[in-house]
Amino acid sequence: MSEHPIDLTPSAARRVAAIAAKQGKPAILRLAVDGGGCAGFQYRFGLADTVEGDDAVAVRDGVTLVVDPMSLDLVQGAAVDFVESLGGAAFRVTNPNAASGCGCGSSFSI
């Protein structure tokens, strides 16, 4: 495994910090991959209360991104960004392992 298996962009870190502050929770974003979505796998985001012992961890600007080992196999080397556009604002994953994705950017295949 590389030294930095996942990354969190400054834009995503700011957004997580803002959401966590509003909800009174720790600034820990969990990225998980579930089966399903329009391309085979879909990304799932949520605030976490703690970091599990086997999580891969990335820290930027006081914000922590965690990924469980099973999901990490599918997102190794990926970066989580927060993008605002005319279509709305959302977390996006730039995943070098994805062979294809879908138009909404929330699911992918390998």
Practice item. State all residues of region 25-50 that are part of a loop (DSSP other than H, G, I, E, B) and either in contact with a Cys (Cβ under 9 Å, 6 or more places away or on another chain) or open to solvent by 70 Å² or more (accessible area, probe 1.4 Å) (or both); if no residue qualifies, say none. Key: Lys25, Gly37, Cys38, Ala39, Asp49, Thr50
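Table: residues versus (1) within 21 Å of Gly77 (Cβ to Cβ); (2) modelled with pLDDT under 95; (3) out of contact with any Lys or Arg (no Cβ under 8 Å at 6 or more places or on another chain).
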position	(1), (2), (3)
Glu3	yes, yes, yes
Ser11	yes, no, yes
Arg14	no, no, yes
Lys22	no, no, yes
Val33	yes, yes, no
Cys38	no, yes, yes
Phe41	yes, yes, yes
Study note, to complete from the structure: The residue from Asp81, Asp73 that alone is free of Cβ contacts under 8 Å to residues at least 40 places away in the same chain and not in a loop (DSSP other than H, G, I, E, B) is Asp73
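The values are calculated or read from the model by the stated rules, or taken from the named source; none is laboratory data. As the structure is a prediction and not an experimental result, all values here were calculated from the model. Here the Cβ is made from the backbone with ideal geometry for all residues, glycine too, and neighbour counts use every protein chain on show. For accessibility, only protein heavy atoms count, side chains too; no ligands or nucleic acids. Shrake-Rupley method; radii C 1.70, N 1.55, O 1.52, S 1.80 Å.
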